[in-house]
Structures are given as C-alpha cells and as structure tokens.
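K.L.:
Mind looking over this structure? Questions follow.
The values are calculated or read from the model by the stated rules, or taken from the named source; none is laboratory data. Remember, predicted model here, so these are calculated numbers, not experimental data. As a convention, Cβ positions derive from the backbone with ideal geometry for all residues, glycine included, and neighbour counts pool all protein chains shown.
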Amino acid sequence: MKDRILLLDYARIGAAFLVIFGHLYDPSPENTLRIFIYQFHMPLFFVVSGMLHRSKSLGYLARKLLWPVVVFVWFYYLLVYPLYHFHIWEGGTSTQECEFGAFLIATCSDIVGYFVDNKGLGPSWFIIALFYIKALCYFAEHGASYCKRALPQCFSTRFLEAVILLLLWCICLYLPEIYGKSCGYHGWRNVGYVGNAVMAMPYYLLGRWFIQRLSIVETFFASRPFASLLGAFVMAGIVSLAVHYNGGISMFCILFGHQPFPYNMIWCYASGICGTCMILFLSMMLPRTLNDTWLRAVNLSATSLMGVVGFQYFFCEVVRHTIGLEQPYLLSIVLSLLIYAICVLLWRIFQKLHIL
C-alpha cells in the first residue's frame, strides 16, 4: 500500500511539474516540446484523480474544489493590480487599468464568468471540470443505491451505477450544444466547462478502473526496470506520432488536431492515455522506499497539487512577461522547480490561515 501511494505521488508531482514547465513557454504550435507535453499532462491529472476517487458529498466537493478556484482568482488579480499601477509589469488582466472599486466589481464578474462562460484562469478549468465529474459520480452512486432498493435484485449496484453515469454523461454531452457558446475550436461549444468535463470523464473512469489493477502491474514491473523503460519509450513514441499526424497542442486548446473526425478524437485519447502510461512507467523506475525526510518531501509536494495548479499561473505569467517566452530548457527546469516550491509554501500558508 505504501509503494502504491508513493507511485501515485510520483505521478502527481510529475504532472504538476509539466504544467508549470509547459506554461513557461510560447503557446504557439511551433514549440514541439510544449505540444508533446500538452498531449497528456491534463489527462494524467484526471487519471490520477480517478485512481484516488472517494465518495464525498456535494457540499464537501464544492468546498474543496470550487472555493479554491475563487481564492486562486483573487490571488492572481490582487497581485497583478499593484504590479501594473506601480509600472512593474504591463501584463495581466483586462481589469488592471480600472480604479480599485471598479476593479473589485469587475473581478467578481470575472469569477462568475469562470463558472459560466469558460473564462478559466490557466489550468483552473481542470478543478471546475473535476467538480462536475465527481458530482456526476456522486449522483450515479446514490441513484444506483436507490434503484437497487426499488428494482428487482437481478441488477447489480455497479451495473446500475454505470447505466446512470452513462445517462448523465449523455445529458452533459448535449448541454453545451443547447446552452453553450462557441469556443472557436472547430465550432466546438461549451458552457461552464461542462464540455471539458464530458471529454475528461473517460480518463477519470479509466483511473477508477486502473487502481484496482495497479498492484498487479506494479508486481510485474517491480523487478523489471528495463521493461518499465521500454514501456515508457513505446508510449512516448505513440505520443510523438499523435503530435506528428494530428497536431494541435491539447484536446482542450486546438481541440482535436488536424485529422477528420473521428480519427482526430482517436488520436487525442490515444495520446492522452499513452502519455499517462509513460509517466506511470517512469514512476515505477523511481525508488520504492525513501528515508523519512524524502518521504515527507514527496508527500508534501504531492498533496499540495491543488495549490500548485492554482497558484502557478501568476508566477508563470511573470516569467513569460519578464524573462521571455523562449528561455533555455535548463533555466525552465530550475524556474519550474522554484515555482513549484513557492506554490507548495503558499498552499500550506493558506491552509494554516483556514482560507483553503
């Protein structure tokens, strides 16, 4: 059990690092390394989240997922505002030129827009989409329990849960088509990141399925480091093929790439799954036992994932607007590690202050 948690800690740390590293670079499709990372780093988040699935109430989910998004937005806006007005940084938000009172009102409006009009701050959309996915799982679990009592015993609870989850997923699939706004990606429509949740749910469910088989996979690869390395190499090759044939930088940005439907979607999910497997294979090659100091450091870094995802956007934007969009890779690695450490510290401080 200890090794299994450590493996997931490695995977979460890797995903968070890749988010920071990717955001330090120019978002143009010409950056091949960034395109490669963006094929799978967000799917990896959803897979690992699925592997760590726990049944929680909607109130708990809103407090743990939606409230932090509000805090992250205010953190970003309140830091950007004085930087602009003291002429330290000209980048930032569209509200930074307002007087302070108007700025506060505009910020509140933007926060509402985050949950309605898909105006998410960097990868904070991931947190909102994750809330929707967990909420759908909550309704499916409780609906299955109710149906189990009302229907004949010929249906298992797991089967009923799967049926209800599929129905809810189909409803959410068509919700953006009815109420959503065009996002400019091949005519794709979205509303409040419901579309993102619909596309990401297969990864989450894959994680729930995979966690039950993780111990078997770990047992096989524990004494076969070469097999882990080979598996990572093969998965990286498939992701590279997806980059070459399908293009785009992610399933949520340049949405499905250049291939016609449904081949674009096939490449999209194949690259996300294979990239996730690549990180898991590489994680299996890392030490299975650590001394207490390193173990605490790894656990601290992994359990601060939400804070890293939310806080990093401000620091990445500062780097992009000061140092530039095309810094050397070695410098980007150092900066990414530094930003990661700052975000972990901020997350813990906000928790100590009972803000998060």
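K.L.:
Can you pull out every residue in segment 115-145 that is of a type in the set (Ser, Thr, Tyr) and either over 23 Å from residue 307 (Cβ atoms) or touching a Ser or Thr at 6+ places or on another chain (Cβ under 7 Å) (or both)? Step through it out loud before you land on a result.
P.N.:
First, the residues of segment 115-145 that are of a type in the set (Ser, Thr, Tyr): 124, 132, 138, 145.
Hits for segment 115-145 are 138, 145.
K.L.:
Additional query: Would you check which residues across segment 327-346 are surrounded by fewer than 18 Cβ atoms within 10 Å (Cβ to Cβ) and part of a helix (DSSP H, G or I) and list them?
P.N.:
Step one: of segment 327-346, the residues surrounded by fewer than 18 Cβ atoms within 10 Å (Cβ to Cβ) are 327-331, 333-334, 337-338, 341-342, 345.
Selection gives 329, 330, 331, 333, 334, 337, 338, 341, 342, 345.
K.L.:
So, one more: Restricting to helices (runs of 4 or more DSSP H) lying wholly in segment 1-57: which have 3 or more residues that are at pLDDT 85 or above and among the β-branched types (Val, Ile, Thr)?
P.N.:
Values: elements: 2-23, 32-38, 41-51.
Because the criterion is at least 3 residues that are at pLDDT 85 or above and among the β-branched types (Val, Ile, Thr), the helices (runs of 4 or more DSSP H) in segment 1-57 that meet it are 2-23.
K.L.:
Restricting the first residue to segment 223-246 and requiring it to be under 13 Å from residue 279 (Cβ atoms) and touching a residue at least 12 places away in the same chain (Cβ under 8 Å), which pairs with a second residue that is polar (S, T, N, Q) and surrounded by 15 or more Cβ atoms within 10 Å (Cβ to Cβ) meet a Cβ separation below 6 Å and a spacing of at least six or different chains?
P.N.:
239/39; 239/271
K.L.:
Please go through segment 63-89 and give me each residue that is within 15 Å of residue 314 (Cβ to Cβ) and either of a type in the set (Phe, Trp, Tyr) or at pLDDT below 75 (or both), ordered by number.
P.N.:
Hits for segment 63-89 are 72, 74, 75, 76, 77, 81, 84, 88, 89.
K.L.:
Report whether or not residue 208 is of a type outside the set (Asp, Glu) and modelled with pLDDT under 90.
P.N.:
Numbers: of a type outside the set (Asp, Glu): yes; modelled with pLDDT under 90: no.
In short, no.
K.L.:
Then there is this: Condition first: charged (D, E, K, R), in contact with a Lys or Arg (Cβ under 9 Å, 6 or more places away or on another chain), surrounded by fewer than 20 Cβ atoms within 10 Å (Cβ to Cβ) and at pLDDT below 85. Can you find one or more residues in segment 187-194 that meet it?
P.N.:
Yes.
K.L.:
If residue 316 passes every condition in (1) more than 17 Å from residue 124 (Cα to Cα); (2) out of contact with any Lys or Arg (no Cβ under 9 Å at 6 or more places or on another chain); (3) buried (at least 16 other Cβ atoms within 10 Å of the Cβ); (4) in contact (Cβ under 8 Å) with a residue 60 or more places away in the chain but one, which one does it miss?
P.N.:
In the conditions (1) more than 17 Å from residue 124 (Cα to Cα); (2) out of contact with any Lys or Arg (no Cβ under 9 Å at 6 or more places or on another chain); (3) buried (at least 16 other Cβ atoms within 10 Å of the Cβ); (4) in contact (Cβ under 8 Å) with a residue 60 or more places away in the chain, residue 316 misses (1) alone.
K.L.:
Working only within segment 108-145, note down all residues that are over 13 Å from residue 164 (Cα atoms), of a type in the set (Phe, Trp, Tyr) and modelled with pLDDT of 90 or more.
P.N.:
131, 132
K.L.:
Going through segment 31-57 one residue at a time, which ones are more than 15 Å from the chain's Cα centre (by Cα) and under 21 Å from residue 303 (Cα atoms)? Before the answer, list the steps.
P.N.:
Our first condition is that a residue be more than 15 Å from the chain's Cα centre (by Cα); within segment 31-57, this holds for 31-36, 54-57.
Selection gives 54, 55, 56, 57.
K.L.:
Also, quick follow-up: Being at negative phi, aliphatic (A, V, I, L, M), under 23 Å from the mean Cα position of the chain (by Cα) and modelled with pLDDT under 90 narrows it down to one residue among 165, 214, 151; which is it?
P.N.:
214
K.L.:
Can you tell me which residues in segment 272-325 are of a type in the set (Gly, Ala, Ser) and farther than 21 Å from residue 222 by Cβ?
P.N.:
First, pick out the residues of segment 272-325 that are of a type in the set (Gly, Ala, Ser): 272, 275, 283, 297, 301-302, 304, 307, 310, 324.
Of everything in segment 272-325, those that are of a type in the set (Gly, Ala, Ser) and farther than 21 Å from residue 222 by Cβ turn out to be 272, 275, 297, 301, 304, 307, 310, 324.
K.L.:
Among residues belonging to segment 217-257 that are over 20 Å from residue 282 (Cα atoms) and surrounded by fewer than 15 Cβ atoms within 10 Å (Cβ to Cβ), point out the one that is modelled with the lowest pLDDT.
P.N.:
253
K.L.:
Would you say residue 146 is surrounded by 16 or more Cβ atoms within 10 Å (Cβ to Cβ) and in a helix (DSSP H, G or I)? Please lay out each step first, then the result.
P.N.:
On the way: surrounded by 16 or more Cβ atoms within 10 Å (Cβ to Cβ): no; in a helix (DSSP H, G or I): yes.
Considered against the rule, which asks whether it is surrounded by 16 or more Cβ atoms within 10 Å (Cβ to Cβ) and in a helix (DSSP H, G or I), residue 146 comes out as no.
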